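The values are calculated or read from the model by the stated rules, or taken from the named source; none is laboratory data. Given the structure is predicted, the values throughout are model-derived calculations rather than measurements. Positions of Cβ are backbone-derived with ideal geometry, glycine not excepted, and every protein chain shown enters the neighbour counts.
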Amino acid sequence: MRIQRSKTPIALIVLLLLLVAMFPLPVWASQADAANAISSAKNTILNCYNATREAETAGANITVIVGTLNEAGSLLSQAEFAYATNDFDAALTFALQSQPSLNNIIQEANALKGTATQLRNQDFLVNVVGSVIGTFAVIIAGFAVWFFLKRKYETAGAHSSESSRV
Amino acid sequence: MNLQEYKTLLFVVTAVLALLVSSPALQRLLVYPQTEFFTEMWLLGPEHKAENFPFNITSNSNYNIFLGIGNHLGSCAYYSIQVKFRNQTQPAADSFNRTASSLPPLYGITVFVADKETWEIPIAFSFAYAYDEDPFNATLSQVKFNNVMFNGVALDLSGYSATWDSERNGFFGNLFFELWIYNDTLGDFQYHERYIGLWFNMAV
């Protein structure tokens, strides 16, 4: 009889544990979790923004990156709004959602920066250095033609004066 | 053709050719540096024109406008547009002192705009409000706001109200947008001295 009685609570506990295992309880995000996620999202966005700006300064086309930043920014705005309205679950979700799209932004911005710097150097070499060298070449060629013509005329003049003397 | 004529022709041909060849380099040298750095901010009406802005509005009706930004700061900028609402007596942003309104923002829009680029979004909004009646005069004494639906997000306006403006004959509310910009030195957003907004007559 004693054994029978003690079995009931054990069976209930086992049943409860099984239920807990089968149906996961919703996890409520705490205010601190949401705040941390928002802070982390802000830092990531800021790092991406700085990398993007460097790429732009190097002359890269950053339209696509700016589009991605705006998408992440929109999610961050929603996260901040949710946080302000004490909806910490939504705040956490939005803040976490804003991060994946930014994963490759810094590498992408750095790659664009490298390409832009290379193109700019190439452009400088062709358009500035090439142009300056070309200008000097044209001026020197002009002088060369002038000296050639001058000499030709002088020789022709000498010949004509010699023939007239003869 | 004598030598003197050749000299002139040669000089002209050389000069023209030299100018042509040097034009890519001159193009870079003769560009005036950008001297004015600023941000544009605009509102457009429902037809994407500066006309037909909503003014007489009714509770729970939808209205559309466009909000835009143009960046001429010389580099990509990180903006925050703070959406605020006020009645006739509450403080607005100050154009003369270049200060933002002290009212709390209802919503913040995070925006990135590349240099010489623009950004624009359509805004759909509707106000939910109710009237208070004066029992002695049987007239409407004030408008009490519940919320404003801003692109599908309900922004709480409880505590906001507008009283009868006897000069302009109406209950007025002002939805305005302040532009803030991220300052690297401060490590925070600072007011960019630009705001734009619309006054609404809260009709029955």
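Of all helices (runs of 4 or more DSSP H) completely enclosed by the range A:50-136, which ones contain at least 2 residues that are surrounded by 19 or more Cβ atoms within 10 Å (Cβ to Cβ) and facing chain B (nearest Cβ under 10 Å)?
Passing ranges, in order: A:63-84.
Being β-branched (V, I, T), in contact (Cβ under 8 Å) with a residue 40 or more places away in the chain and surrounded by fewer than 18 Cβ atoms within 10 Å (Cβ to Cβ) is true for just one of B:I69, B:I121. Which residue is that?
Answer to the selection: B:I121.
Considering only residues that are touching a Ser or Thr at 6+ places or on another chain (Cβ under 9 Å) and over 17 Å from B:E193 (Cα atoms), which ones fall in the range B:69-109?
Residues satisfying the conditions are B:S75, B:C76, B:R86, B:N87, B:Q88, B:T89, B:Q90, B:Y107.
The rows are residues; the columns are (1) under 16 Å from the mean Cα position of the chain (by Cα); (2) more than 12 Å from chain A (Cβ to nearest Cβ); (3) without any contact (Cβ under 8 Å) to a residue 24 or more places away in the chain.
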| position | (1), (2), (3) |
| --- | --- |
| B:Y79 | yes, no, no |
| B:R98 | yes, yes, no |
| B:V111 | yes, no, no |
| B:A128 | no, yes, no |
| B:S166 | no, yes, yes |
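Can you go through A:G142, A:G157 and tell me which one is under 30 Å from B:E5 (Cβ atoms) and at pLDDT 90 or above?
A:G142
With B:P91, B:P104 as the choices, which residue is closer than 27 Å to A:T44 by Cα and without any contact (Cβ under 8 Å) to a residue 24 or more places away in the chain? Quick ask: steps written out before the conclusion?
Values: B:P91 fails: closer than 27 Å to A:T44 by Cα.
Every option except B:P104 fails the conditions.
Given the criterion under 12 Å from the mean Cα position of the chain (by Cα) and on the phi < 0 side of the Ramachandran plot, identify the matching residue among A:I140, A:I106. Talk me through it step by step, then tell me what you get.
Working: A:I140 fails: under 12 Å from the mean Cα position of the chain (by Cα).
None of the other options fit; the residue is A:I106.
Considering only residues that are modelled with pLDDT of 95 or more and among the aliphatic types (A, V, I, L, M), which ones fall in the range B:51-72?
B:I65, B:L67, B:I69
Select from the range B:33-83 the residues that are of a type in the set (S, T, N, Q), closer than 27 Å to A:N47 by Cα and not in a loop (DSSP other than H, G, I, E, B) and list them in ascending order.
Correct list: B:T39, B:N71, B:S80, B:Q82.
Pull up the range A:1-49, narrow it to residues that are in a loop (DSSP other than H, G, I, E, B) and over 33 Å from the mean Cα position of the chain (by Cα), then point me to the one that is modelled with the highest pLDDT. Outline the logic, then answer.
From the range A:1-49, those in a loop (DSSP other than H, G, I, E, B) are A:1, A:23-30; that's our starting set.
Adding the requirement that they be over 33 Å from the mean Cα position of the chain (by Cα) leaves A:1, A:23-28.
Details: A:M1: 47, A:F23: 57, A:P24: 51, A:L25: 48, A:P26: 51, A:V27: 50, A:W28: 60.
Filtering first and then ranking leaves A:W28.
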